[in-house]
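Have a look at the structure below, then the notes.
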Amino acid sequence: MTQAANQAANQAANEAANQERSTFRACFAVAEFRVLFGSQLLLVLGDTVKMLAFSVLVYARTGSPGLAALAYMIGFLPQVAGGMLLLSLADRWRPRALMVAGDLLRVVTCLVLGIGGLGLGDLPIGVMLALVFAAGVPAPLFSAARAAVLPDVLAGDAYVLGRAVFTTTSAGAQVAGLAVGGGLLVVTGPHGALLITAALSLGSAALTRWGLRDRPARSPRPTRSTRQARSTRHARSTRDTGAVRTTLRVNRALLADRAVRGLLLAGWLPPMLSVGAEAVYVPYLTGEGSAWGAGVVLAAAAAGMGVGEFSVGRFAAPAARERLTLPLALLLGAPLLGFAARPGVAGAAALAFLAAAGLAYNLGLQRRFLDTVPEAARGQAFGLQTSGLMTAQALGAAAVGAVAELVPAHLAIALSGCGVIAVVLALRGDLRGDLRGDPRGGRSGRVSPPYGPGGGGEDARPSPAEPAA
């Protein structure tokens, strides 16, 4: 059989495996997935309690609402820097070791923040804020390692359902973390809650360390002898092996690849404006005299996301999920148009539920994204996907909030719905997967983009017919 025939047979086999429908039960039948699920649950619970407890601690000591809000969000702010400068390490280091390191960093951070409860004296507020900020810089590495391991644990359609489980669990764990955190603050105070968070992170580290197989790095760091051997033929490799240079170069290569870029934008831009609308629910309902209703509407949005992910994952076949990607993405924006009618709490909750259910459109992108990104840069690709989404959501909240300064809040929400629909229509080709010209299912002409650790070498050269990226 010729090489071309072998490649065609392998591609057909992969397509068949991807289209074979899996179940949530099959996901949980895999021991390593149960380990990932348990550690993810502990991680989200712990982080939610930590954010709440730290915010309360800062407010109790300063009386400043602004500093309390900064304390609640400061761990997210530096993740943009980590995503732009350090993500290549997610492929250079063993994933299990990286995940355990992230858990242990959270343990140390929470212990240091909570030492005031042990009678050792509180650190200055500026030092505590700086500590949480610094601990947030490498956070994208840890989440990227976790996301990149999941396709090794679950194959084909089971991987897509596993992602749905993670998304639904994260939403539920955040709500539960806020409830548990509130109870802990009453019983133990913020210092005690931070120490309990340290214990949760330690439990996640132990579960990961002894429950996951130790896999090798996807893109091993080149040794001194390897670099010397390449020095004549590939001088660029010896210059670009640093973590920051590699991260910047691979990020550029990923974004220059039309297929990868299209899928990234399809995952970033629609939620950017829909989440921005959620940021205006509180001022809208407060202005309507129903401040209590903001919690109801936000809870309805969380429920809509969970129901949408579960329903599409459970009842739609793999091919159907991909066909539903465009209509579900439109659902993110269409219900928000109803806010132009200035609905009450019940109406706003129903519209928020429907809009958030549209986030299930992402299930139709996951397999294509996994197939499109190169194996050697999978960790960095998933890290870029996550850090870009967080940045987009923050920018969306700021943008819709700025619009709400110019027009009434209910109209700002409706305008964000218009923006979602416009973005979805502009990205309809990427959402539907219309153009799949290359062997990875993408649209770029390159055969092997420079994704390797040195940006060159036999496994990382562009096709002779194409210029280097």
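Details
- All of VAL35, VAL108 fail the test of being farther than 17 Å from THR197 by Cβ, of a type outside the set (S, T, N, Q) and either open to solvent by less than 20 Å² (accessible area, probe 1.4 Å) or part of a helix (DSSP H, G or I) (or both), apart from VAL35.
- Answer residue from the range 302-312, given it is small (Gly, Ala, Ser) and more than 18 Å from the chain's Cα centre (by Cα) and is least open to solvent (accessible area, probe 1.4 Å) among those: GLY304
- Hey, ALA90 modelled with pLDDT under 85, open to solvent by less than 20 Å² (accessible area, probe 1.4 Å), in contact with a Ser or Thr (Cβ under 6 Å, 6 or more places away or on another chain) and over 29 Å from ARG314 (Cα atoms) or not: no
- Condition met for GLY192 (modelled with pLDDT under 90 and over 19 Å from the mean Cα position of the chain (by Cα)): yes
- Conditions (1) part of a helix (DSSP H, G or I); (2) modelled with pLDDT under 80; (3) open to solvent by less than 50 Å² (accessible area, probe 1.4 Å); (4) farther than 25 Å from VAL180 by Cβ: number failed by LEU98: (2)
- The listed residue being under 26 Å from PHE310 (Cα atoms) and part of a helix (DSSP H, G or I), out of GLY338, GLY401: GLY338
- Residue count for the range 362-395, restricted to those that are over 13 Å from the mean Cα position of the chain (by Cα), surrounded by fewer than 22 Cβ atoms within 10 Å (Cβ to Cβ) and among the polar types (S, T, N, Q): 0
The values are calculated or read from the model by the stated rules, or taken from the named source; none is laboratory data. In this text the structure is predicted, and so the values were computed from the model without any measurement. FYI the Cβ positions are ideal-geometry reconstructions off the backbone, even for glycines, and counts take in every protein chain you see. Protein only, heavy atoms only, side chains kept; ligands, DNA and RNA dropped before computing areas. Shrake-Rupley method; radii C 1.70, N 1.55, O 1.52, S 1.80 Å.
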